[in-house]
2 protein chains.
Amino acid sequence: MKNSFYFDTKPNEKILELIKSEREEIGFYELCHQDVSEYEEYAKTITAQDIVVVGIGGSALGTSAIYKFLKYTNQFSKKLYVIETTDPLVICDEMEKIDLANAHFCIISKSGTTVETISVYKYIASIVDIHSKNCTIITDEGSLLESHAIHNDIKVFHIPHNVGGRFSVLSAVGLAPLAMIGVDIASLLEGARNIYDSFFNQEGYDTSLLKKATYYAQTANTYNINCLFSYSEVFREFNAWYVQLWGESLGKKQLHSQLHVGLTPVGLIGPTDQHSFLQLIVDGKRDKSVTVIKIANFENSLTIPNNSLKDLESLDILNGYKFSEIINMQADSIVESLLSLEHIPLDVIEVSQADAHAIGELIYYYELLTALVARMLDINAYDQPGVEMGKIILKEKLNKK
Amino acid sequence: MKNSFYFDTKPNEKILELIKSEREEIGFYELCHQDVSEYEEYAKTITAQDIVVVGIGGSALGTSAIYKFLKYTNQFSKKLYVIETTDPLVICDEMEKIDLANAHFCIISKSGTTVETISVYKYIASIVDIHSKNCTIITDEGSLLESHAIHNDIKVFHIPHNVGGRFSVLSAVGLAPLAMIGVDIASLLEGARNIYDSFFNQEGYDTSLLKKATYYAQTANTYNINCLFSYSEVFREFNAWYVQLWGESLGKKQLHSQLHVGLTPVGLIGPTDQHSFLQLIVDGKRDKSVTVIKIANFENSLTIPNNSLKDLESLDILNGYKFSEIINMQADSIVESLLSLEHIPLDVIEVSQADAHAIGELIYYYELLTALVARMLDINAYDQPGVEMGKIILKEKLNKK
C-alpha cells in the first residue's frame with residue numbers, strides 16, 4: 001500500500017519508546033508472526049458448506065471486513081454467514097438462508113458470556129444437534145464457554161488474554177473462520193508483517209505512520225471527526241471495522257486528566273457518498289479530516305460501451321472507459337477538489353488490489369495508527385469501561401421479570 | 001410514532017412564519033397530499049419480477065430505506081435491486097442476480113445527466129433491448145433524459161422542479177418503483193400526512209418537533225454530531241437516507257455570515273453498535289446528541305428456548321424471552337445508562353411497527369426537522385454547491401483522454 005499525505009507535521013518520536021514497551025504487554029502487535037498451520041490444518045477437516053459465525057463487535061467485524069474485501073474477486077468454495085445481533089428479523093432471515101444440516105458454527109465470545117452471542121447460540125442449539133463435528137468455539141482460556149466446549153468435546157481456539165476484541169481479527173477470532181472458507185491467511189499475516197517491519201525494523205520506524213498519528217493527536221480538538229472515504233463497495237465492512245476500532249479505542253477519559261476526549265470515525269463509500277456526505281465535508285464546519293482509500297487494480301474489465309443514447313450524446317465522453325477507471329477518476333477528482341480548500345487535512349491510501357495481502361496491510365496499519373494516537377492522547381486504547389453500565393442495567397431488567 | 005425528549009428548551013416560534021412561507025415555494029411539504037392512483041395504476045401494468053432502480057443519492061436512498069424497512073415483515077411479489085455506483089465489482093455482482101429478461105428498469109436522475117446513472121444505463125442498454133415495456137424514466141421536466149425517453153416511447157414521471165433530490169422520496173422517485181414492488185404507497189403518504197397535520201394544523205404547530213429543532217440549532221457548536229441509534233436492522237438504509245438528508249442539507253455556509261456550519265449525522269444500529277460506537281458516546285468528547293429509535297411491535301415471536309447449556313447456566317436468565325423483548329430491553333438499558341450521564345442530549349422515537357405508515361411518518365418527521373434546523377442556522381437546506389467542483393474536475397479528466 002502507498003500512503004500520500006497532504007499535510008505536514010513533525011513526528012512525535014518520544015512516543016516510540018512507549019510503543020516499544022507496550023509491545024511487550026499488548027498482544028495484537030505480535031499476532032502477525034503466528035504460525036497459521038494449525039488453522040489451515042483444522043480448516044481442512046471442515047466439510048460443511050456454510051460457515052456461520054455467531055459473534056458480535058470484535059468477534060465479527062474483522063472477519064466480515066476481510067470476507068467482504070475478498071469475495072467479489074475470489075471464488076470461495078464455502079459461504080460465510082455472520083449473526084451479530086438479537087434482532088429477530090435478521091436472525092430468522094439468516095437462518096432461512098443457511099443449510100443447517102451442512103453448516104459449521106463458530107461461536108465466538110471473548111468473555112464467553114456475551115448476551116447476544118449466547119442468546120443466538122441457545123436458539124441454534126435448540127434446532128440443530130451441536131457436536132464436535134459441526135461447531136468450533138473461540139474464547140478466552142478459562143471462560144465458561146470454554147468449559148462448555150470441553151464438556152461437549154467441541155474444539156476450542158483461545159483468544160490470547162492480552163488481545164482485546166477489536167484488535168483480535170488476526171488471532172483465532174478471524175483466522176479460524178477465514179481459513180475455513182478458504183482465505184489465504186498466510187498471505188493476510190504477511191501483509192500485516194509488512195507494516196510491522198516497515199514500522200519497527202526499518203531504521204527504527206516508519207515516519208509517515210508516526211507523522212499521521214502525531215497530526216491526528218495534535219489536532220484532536222479541531223478535527224474531531226475522521227472520515228474514511230473508501231472508493232469501492234469492497235470496503236463497506238472494513239469501514240465498519242474501522243469505526244469500531246477508532247471509536248471504541250479513542251473515545252475515553254484521559255488517564256491523567258480524566259477529561260473526555262475522542263475522535264469520531266465516519267465511514268463513507270465512494271462514489272455513492274459523493275451524493276451524500278461530501279457536501280458536509282466541503283461546506284460544513286471545518287471539524288473533519290479525510291482519508292481517501294483507492295484500489296489501484298480492480299482486476300475487472302467492465303467497460304462503458306461505445307453506444308450513443310439519443311439526446312444523451314453529451315455523455316459519450318464516458319464511452320470506452322472501464323468502470324474501474326471511472327471510479328478511480330472520481331476518487332482523484334474529489335481529492336483535487338478537497339485539496340483546493342483550506343483546513344481539510346487529507347491523505348490518500350492506495351492498495352494494490354483486493355487480495356488477502358492488501359487487507360492484512362490495511363488492518364495492521366490501522367491498528368498501529370490507533371495505538372499511536374491513543375498513546376499521544378494519553379488514553380488506554382484497550383479497555384471499554386463505558387459500555388459496562390448498559391450491560392449491568394440489562395442484567396437487572398432480565399432478572400426482574 | 002411517539003417521541004420522548006430528555007432535554008428541554010423554549011421552542012423558537014419566530015421560525016414558524018418563515019417555514020409557512022417556505023412551504024409555498026419548496027415542493028416537498030405538499031408531496032404527502034398527492035393522489036397516488038397514477039402510480040398504482042401504472043404499477044399494475046408492470047409484470048416483470050425484478051425491479052431495477054438505477055440512480056444514486058436522492059434517487060436511490062429513500063427507496064432503499066423504505067424497502068429495507070418493510071421487506072422483513074412483508075411478502076413482496078417482486079424483488080427490488082438498486083444500482084447506485086460506478087464500482088464494477090458491484091455492477092457485475094448485481095447484474096448476475098437480476099433476471100434481465102424479466103426485469104423492469106427505472107432510470108432515475110433529477111438532472112438527467114448524472115454520470116453514475118447514465119454510465120450504468122449505457123451498459124444495461126448494450127446488453128438488454130430497452131423499450132417502452134421494460135423501462136420507466138424519472139427525471140425533471142425538460143431534461144435531456146426526458147427527451148431521450150420521449151424519443152424511445154418510454155414512460156416518464158417528472159420530479160417537481162421545486163423538490164430536491166434528497167427530499168424527493170415521496171415524489172415519483174420513490175413512489176413509482178415502490179408501487180411496482182407492491183408497497184402500500186397510499187399508507188406511506190398517510191403516515192407523512194399525519195406528521196404534516198400535527199405540525200401545521202394542530203392549533204398552529206407541534207411543539208415537540210419545533211423544540212427539538214430549536215435545541216439542535218442552538219447547540220450546533222457544542223453538539224456538532226447527531227447520532228441516530230436505531231434498534232433494528234430494518235433501519236439500516238433509513239440511517240443512510242438520514243445521513244444524506246442531514247449532512248447534505250445542513251453542511252453549508254451561512255447565508256448571511258458565509259461561515260461554515262454543519263451538523264454531522266452518524267447512523268448506528270443496535271444492539272450491534274453497542275459493541276462499537278457506544279464507548280465513544282459514553283466516555284468520548286461531549287460533542288454528540290443521541291436519538292434512539294425503537295420498534296414497539298416486531299410482529300415476530302422468535303423466542304430464546306428454555307434450554308440450559310452446560311456451564312452456561314448463568315445465562316438461563318435469558319430463557320423464555322422473545323428476541324424482540326431482548327432487543328428492546330437493550331435499547332432501554334442504553335437509554336437509562338446515557339440518561340445517568342451529563343451533557344448527552346437524548347430523545348427516543350418509538351414507531352409502532354415496520355409498516356408503510358410508520359416509515360412515512362418517520363421520513364416526513366425528519367424532512368421537517370431538517371427544514372426547521374436549516375432555517376434556524378440561516379442556511380439554505382435545498383442546494384448542494386459543494387459537490388459541483390468534483391463534478392467539473394471529473395468532466396475535465398474525462399475530456400482529456
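The values are calculated or read from the model by the stated rules, or taken from the named source; none is laboratory data. Only a predicted model underlies this, so the values are computations on that prediction, with no experimental measurement involved. A quick note on method: Cβ atoms are made from the backbone with ideal geometry, for glycine too, and the neighbour counts reach across all protein chains shown.
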Going through region A:184-239 in order, the residues found to be hydrophobic (A, V, I, L, M, F, W, C) and outside any helix (DSSP H, G or I) are A:ALA220, A:ILE225, A:CYS227, A:LEU228, A:PHE229
Need pairs with beta-carbon distance below 6 Å; first residue more than 10 Å from every other protein chain (Cβ to nearest Cβ) and within region A:228-240, second among the charged types (D, E, K, R); sequence gap 6+ or separate chains. A:GLU237/A:LYS68
Please determine, by comparing only the residues of region A:314-334 that are under 27 Å from the mean Cα position of the chain (by Cα) and without any contact (Cβ under 8 Å) to a residue 60 or more places away in the chain, which one is farthest from the other protein chains (Cβ to nearest Cβ). A:GLU325
Taking the stated definitions as given, is A:HIS256 under 30 Å from A:LEU369 (Cα atoms) and either at the interface with chain B (Cβ under 9 Å from one of its Cβ atoms) or of a type in the set (S, T, N, Q) (or both)? no
For the condition within 20 Å of B:ALA371 (Cα to Cα) and of a type in the set (Val, Ile, Thr), what is the one hit in B:ILE154, B:ILE225, B:ILE150, B:ILE185? B:ILE225
Unique residue being over 22 Å from B:LEU362 (Cα atoms) and of a type in the set (Ser, Thr, Tyr) when the list is B:TYR231, B:TYR215, B:TYR223: B:TYR223
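Scanning region B:60-81 for residues that are surrounded by 21 or more Cβ atoms within 10 Å (Cβ to Cβ) and facing another protein chain (nearest Cβ under 10 Å), which turns out nearest to B:VAL120 (Cα to Cα)? Write out each step before concluding.
Restricting attention to region B:60-81, the residues satisfying the condition of being surrounded by 21 or more Cβ atoms within 10 Å (Cβ to Cβ) are B:60-70, B:80.
Those left that are additionally facing another protein chain (nearest Cβ under 10 Å): B:60-61.
Working: B:ALA60: 14, B:LEU61: 17 Å.
The residue in question is B:ALA60.
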Which count do you get for residues in region A:287-315 that are surrounded by fewer than 17 Cβ atoms within 10 Å (Cβ to Cβ) and on the phi > 0 side of the Ramachandran plot? 1
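How about region B:351-372: which of its residues are of a type in the set (Val, Ile, Thr) and away from every other protein chain (no Cβ under 13 Å)?
Of everything in region B:351-372, those that are of a type in the set (Val, Ile, Thr) and away from every other protein chain (no Cβ under 13 Å) turn out to be B:VAL351, B:ILE359, B:ILE363.
Scan region B:160-170 for residues that are over 17 Å from B:GLU84 (Cα atoms) and crowded, with 24+ Cβ neighbours inside 10 Å and report the count.
Filtering region B:160-170 for residues over 17 Å from B:GLU84 (Cα atoms) gives B:160-164, B:167, B:170.
Cutting the leftovers down to crowded, with 24+ Cβ neighbours inside 10 Å gives us B:163, B:167, B:170.
Residues meeting the conditions: 3.
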When residues of region A:335-344 are limited to those that are within 9 Å of chain B (Cβ to nearest Cβ) and not hydrophobic (A, V, I, L, M, F, W, C), the one farthest from B:THR85 (Cα to Cα): A:HIS343
Select from region A:20-59 the residues that are surrounded by 21 or more Cβ atoms within 10 Å (Cβ to Cβ) and in a loop (DSSP other than H, G, I, E, B) and write down the one among them that is farthest from the other protein chains (Cβ to nearest Cβ). A:GLY55
If we ask which residues in region A:86-129 are more than 9 Å from chain B (Cβ to nearest Cβ), touching a residue at least 12 places away in the same chain (Cβ under 8 Å) and not in a helix (DSSP H, G or I), their number turns out to be 12
Against the condition of a type outside the set (A, V, I, L, M, F, W, C), touching an Asp or Glu at 6+ places or on another chain (Cβ under 7 Å), assigned to a helix (DSSP H, G or I) and not assigned by TED's automatic domain parsing to the domain that holds A:LEU338, how does A:SER64 come out, does it pass? yes
Which residues, counting only those in region B:246-286, are touching an Asp or Glu at 6+ places or on another chain (Cβ under 8 Å), crowded, with 24+ Cβ neighbours inside 10 Å, in contact (Cβ under 8 Å) with a residue 12 or more places away in the chain and part of a loop (DSSP other than H, G, I, E, B)? B:GLY251, B:GLY262, B:PRO271, B:PHE277
